[in-house]
1. Where does the longest stretch of the chain lie that holds no trypsin sites (Lys or Arg not before Pro) found in a DSSP loop with 12 or fewer other Cβ atoms within 10 Å?
2. Restricting the count to DSSP beta bridges whose residues both fall in the range 197-355, what percent are antiparallel, rounded to a multiple of 5?
3. Among Y9, Y296, Y90, what is the fewest-to-most ranking by other Cβ atoms within 10 Å?
4. Could you give the size of the charge dipole of the range 197-355 about its Cα centre, using +1 on the Cβ of each K and R and -1 on the Cβ of each D and E, expressed in debye and rounded to the nearest 20?
5. Of I312, L137, F242, whose Cα points farthest to the positive end of the dipole of the chain (charges on the beta-carbon: +1 Lys, Arg; -1 Asp, Glu; origin at the Cα centre)?
6. For the range 218-242 and the range 134-204, compute the distance between their C-alpha centroids and round to whole Å.
7. With runs of 4+ DSSP H residues as the only contributors, calculate the mean residue ellipticity of the chain at 222 nm using -39,500 (n - 2.57) per run, divided by the residue total and rounded to the nearest 500.
8. Taking amide H atoms as placed 1.01 Å from N in the peptide plane, list the residues 5 or more away in sequence, or in a different chain, whose amide H sits under 5 Å from that of D276.
Amino acid sequence: MSKAEAYLYRQIADLLLQARKITARAVNQTMVYTYYEIGRMIVEDEQRGAHRAEYGKQVLKELSAQLTKDFGKGFSERNLEQMRGFYLTYSQNQISQTASAKLQISDGKGNATIQATPEELPLVPDFRLSWSHYLKLMRIENKEERNFYEIESINNNWSLRELQRQFDSALYERLALSRDKEKVKELSTKGQILEAPRDIIKDPLVLEFLGLPELAAFSETELEQSIINKIENFLLELGKGFTFVGRQVRFTFDEKHFKVDLVFYNRLLKCFVLIDLKIGELTHQDLGQLQMYVNYYDRFVRLSDENKTIGIILCKEKNDTLVEITLPQDNTQLFASKYQTVLPSKEELRQLIESKKW
């Protein structure tokens, strides 16, 4: 194959791959809307029925048998119950719209057996995720928390695996702990919005993907190397807008050399983010050192159109009183966050939120 032929092939192949992705998304969206509509039909049939559990159970059993016979796999009693639950969960969604196209279910022989125009359909939520995503989201009982994970999954294009990981690491609870009451409400309507330095802070930062045992002894260098080895995972845990700049970034003044453990840049906040790693007990000297690093970047590195540098000490243990007394009352640049190498207890974090004094 000549270079010209190879170039033509790559163009065509890229076009076909893109078309497949678009087709797959369209098919998936149609499937999700169809399942929602099936759930609505089942619920409305139950409401017209005897209002007894036995009635609904028998209907699903008979419906499953007939649909499986006519359409094949995918219509077990369990699946129909999930469609029913899907409708019950999302029919009260705040953001609704009419379906933008006809919904069709094929019998596999080219025959469309169910059709509904936008005018015939009731208002339905704006579904943008896969059915697998919604099966996971439906299991989140707290509506505000469920809305948050749905918004973040859409905005960040999370895979089902990433959604599961963020839920398991209690992202919603960890963000809620560092926000006031109004900001917590925003999480369920807008997701995580970065407007100020404090918005990027998670406490604790969960680093279970490093594979470091919780009680094992390791050095700051080993922790740093583990982060570098898993830098993609670490960036996802840091959150939105982060790009990696370097490790052990050196700067010099007055013939003295200093090194910042990890340097990042946040594109949304338009500022450098310096991270200092601490294994032992956090001291006021550590905070003073970080302050010096931040001052240097503000005065000699950042550009005039960039915002002030943020400094974060990532430590195993911290004394909140020490941090509060050491840092200025109007502090907006320096923060201390705990890290842990195992997944947190969602229940403990929820109890902290409930007991929080706003």
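1. Numbers: sites that count: R52, K73, K109, R139, R267, K357.
The longest such stretch corresponds to 140-266.
2. Working: 15 of 28 bridges.
Roughly 55 percent of the beta bridges in the range 197-355 run antiparallel, per DSSP.
3. Details: Y9 11, Y296 18, Y90 21.
With the fewest neighbours first, Y9, Y296, Y90 line up as Y9, Y296, Y90.
4. Values: 19 positive and 25 negative charges, 105 e Å.
In total the dipole reaches around 500 debye.
5. After comparing all options, I get L137.
6. Measuring centre to centre over Cα atoms gives 21 Å.
7. Values: 13 runs with 179 residues, N = 358.
That comes out to -16000 deg cm²/dmol.
8. Residues meeting the amide H criterion: I312, I313, L314.
No lab work stands behind these numbers, since they all come straight from the coordinates. Model, not experiment: these values are computed from the prediction. Every residue, glycine among them, receives a Cβ derived from its backbone with ideal geometry; neighbour counts consider all protein chains shown.
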